[in-house]
1. If you restrict to DSSP beta bridges whose two residues both lie in the chain, what percentage is antiparallel, to the nearest 5?
2. Kindly rank 157-168, 136-147 from highest to lowest mean number of other beta carbons found within 10 Å of each residue.
3. For K252, go through the lysines and keep the ones whose alpha-carbon is under 17 Å away, minus same-chain ones fewer than eight residues off.
4. Between R279 and T350, what FRET efficiency follows from the Cβ-Cβ distance if R0 is 51 Å, with the result rounded to 0.05?
5. Only helical DSSP H runs with n ≥ 4 go in: add -39500 (n - 2.57) per run for the chain, normalise by residue count and round the 222 nm mean residue ellipticity to 500 deg cm²/dmol.
6. Work out the length of the dipole vector of the stretch 252-306 about its Cα centre, built from +1 on the beta-carbon of each Lys and Arg and -1 on the beta-carbon of each Asp and Glu, and round it to the nearest 20 debye.
7. Could you point to the residue in Q66, A204, L237 farthest towards the positive end of the stretch 34-335's charge dipole, with +1 and -1 charges on the Cβ of Lys/Arg and Asp/Glu respectively?
8. May I ask you to derive the FRET efficiency for V211 and D367 from their Cβ-Cβ distance with R0 = 51 Å, giving the value to the nearest 0.05?
Amino acid sequence: MHTLTPLADPAVDVDDVARLVTASGERIADPDLDRWVEDVDAAQLRSLYRDMVLVRRVDAEGIALQRQGQLGLWAPCNGQEGVQVGTARAFRSDDFVFPSYREIGVNHVRGAKPADFVLAWRGEAHSTFNPYDINTATPQIIIGAQALHAVGYAMGIQLDGTDQVAAAYFGDGATSQGDVNEAMVFASSYRSPVVFVCTNNQYAISEPVAVQAKFPIAGRAPGFGIPSLRVDGNDVLACLAAMRWAIDNARKGNGPAFIEAVTYRMGPHTTSDDPTRYRDKEEVERWRARDPLARIEALLRSQDEFGDDFSASVAADADELGAAVREATLSAVTAPPISVLDNVYAEPHTGLDEQRRAFGAYLAGFDEVA
Ligand SMILES: Cc1ncc(C[n+]2csc(CCOP(=O)(O)OP(=O)(O)O)c2C)c(N)n1
Ligand SMILES: [Mg+2]
């Protein structure tokens, strides 16, 4: 696998990665990755491209709906479609995925419906989808916590004796959290069938990755006894290949694997953030030239496989999904405030009863005013 050397500045040395499609859309060979995507023909590449376009559209709608006051917050994924779609397409439907708040593309590939992208950000639902409908956990806001959940799930898989795989998605910043490191110790010690996907988008809010990683993040995993791969996160094909490698490793009983996908968050951390305060335009433009969608379009065009019909059908699909996301948001029915306490615990208990009483009394106060 791709060997790692210490980097002077991990944020700058972004080309020290495994890659199959260059930024200009040229298919290059990689001795380790090639065999994992031998079956990927033009039709499959188009399908990966379509998913990335759909994800970008959901993201654009989310930002617009937040700006229009229809959502409380949105965590954009623009620029990260390659790692999200590429890795998620490697799962089997019975694998179990633990995403962070930014994994819109992972949830899309897992089968999230239009409402699933927006209702939690609108404050209408605790969770988004029912995790068991698409074998994907509620997107995690507590940085790194989902790594422990994924390892726990993977240890459960071992007890069940099945060949499912669990996966945790987290960011570069999350690798500084104890939870992620503890999760890697358990995964390694128990040889659990789990894949860690670290999306290195160069920032933890305003903090550049170079502040907390003096060595490529993928280089940490071998210290835990976990094989790792540093891959171009804007190369959907390389991400698919890397994830197939990692999942195969776990499914065969060889234990965990770690992928660092090097990418860039093109938008703000969330709609509450102003990235112009901490990064310059030139940096953003450098990454725009590495766009994950544009490179697949260029590759397909070079093979004469990106026709007008295809382009029009992708645009129509994106329009349809975008309209469905807006409709799901605008038609959302706000539940009575007291229902915030429903479905929090499996069993009722006295603490919850007390909270329900106190919150009910507080809400009743508004009735009196009215
Ligand atoms: C335990 C915890 N600490 C702090 C926060 C506040 N917080 C939200 S996002 C974030 C940065 C996370 O950066 P990274 O892991 O790189 O993920 P990204 O947002 O870039 O996808 C922080 C510190 C939190 N949600 N949870
Ligand atoms: Mg980050």
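Read the figures in this text as sums done on the coordinates, not as results from a lab. Predicted, not measured: the structure shown is a model, and the values here were computed from it. So basically every Cβ, Gly included, is an ideal-geometry build from the backbone, and we count neighbours across all protein chains shown.
1. Numbers: 3 of 26 bridges.
The answer is about 10 percent antiparallel.
2. On the way: 157-168: 18.5, 136-147: 21.2.
Highest-to-lowest ranking by the protection proxy: 136-147, 157-168.
3. By straight Cα distance, K252 reaches no lysines at all.
4. Details: r = 50 Å, r/R0 = 0.98.
Approximately 0.55, to the nearest 0.05.
5. Working: 13 runs with 161 residues, N = 370.
The helix-only estimate for the chain comes to -13500 deg cm²/dmol at 222 nm.
6. Values: 10 positive and 11 negative charges, 34 e Å.
So the magnitude is around 160 debye.
7. Result: A204.
8. Details: r = 51 Å, r/R0 = 0.99.
Between V211 and D367 the formula returns 0.50.
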